[in-house]
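Since the structure comes first, as structure tokens, the remarks are kept for the end.
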Amino acid sequence: MLIVHVHVHVKPEFIEAFREATLANARESVKEAGVCRFDVVQQVDDPERFVLVEVYRNNDAPALHKETAHYKKWRDEVEHMMAEPRRSVKYSNLFPDDSGW
């Protein structure tokens with residue numbers, strides 16, 4: 001299992017548009033065979049900041065995700081909405097183990 005946190009800082013005038021585009025992407029992403037979870041969270045004290053918590057079944061799944069039409073649409077749609085380039089941090093799962101996924 002691979003967990004990726006994607007940190008995004010959105011320009012204030014695009015917060016709602018970013019939310020809508022990102023939620024649409026998340027709804028399609030959870031349908032992918034390699035995706036266990038795809039959470040979208042917004043920082044409470046700084047609503048311009050979001051984290052996408054992507055949980056993949058294996059190390060190949062993120063690359064497959066990036067080939068989907070919905071990801072490419074999202075990427076192109078939100079690029080100009082970001083105040084700075086998004087960044088991702090990869091994690092390996094320790095608990096719970098992935099036997100239930």
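Some notes on this structure:
Residues are listed down the side, and each one gets a yes or a no for (1) in contact with an Asp or Glu (Cβ under 9 Å, 6 or more places away or on another chain); (2) over 16 Å from Asn93 (Cα atoms); (3) among the aromatic types (Phe, Trp, Tyr):
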position	(1), (2), (3)
Ala26	yes, yes, no
Lys31	no, yes, no
Arg37	yes, no, no
Gln43	no, yes, no
Val51	yes, yes, no
Glu54	yes, no, no
Asp60	no, no, no
His65	yes, yes, no
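- The set of residues in region 27-76 that are surrounded by 12 or more Cβ atoms within 10 Å (Cβ to Cβ) and of a type in the set (Gly, Ala, Ser) comprises Ser29, Gly34, Ala61.
- Summed over region 9-58, residues that are among the aliphatic types (A, V, I, L, M) and either in contact (Cβ under 8 Å) with a residue 60 or more places away in the chain or within 17 Å of Arg86 (Cα to Cα) (or both) total 11.
- Every pair of residues 6+ apart whose Cβ atoms lie under 9 Å, when the first sits in region 64-84 and is over 12 Å from Ala21 (Cα atoms) while the second is among the small types (Gly, Ala, Ser) and part of a helix (DSSP H, G or I): His65/Ser29; Thr68/Ser29
Throughout, read-outs are computed from the coordinates displayed, never taken from laboratory work. This structure is a prediction, so every number in the text was calculated from the model and none was measured. Note that each Cβ is placed from the backbone with ideal geometry, even for glycine, and that neighbours are counted across all protein chains shown.
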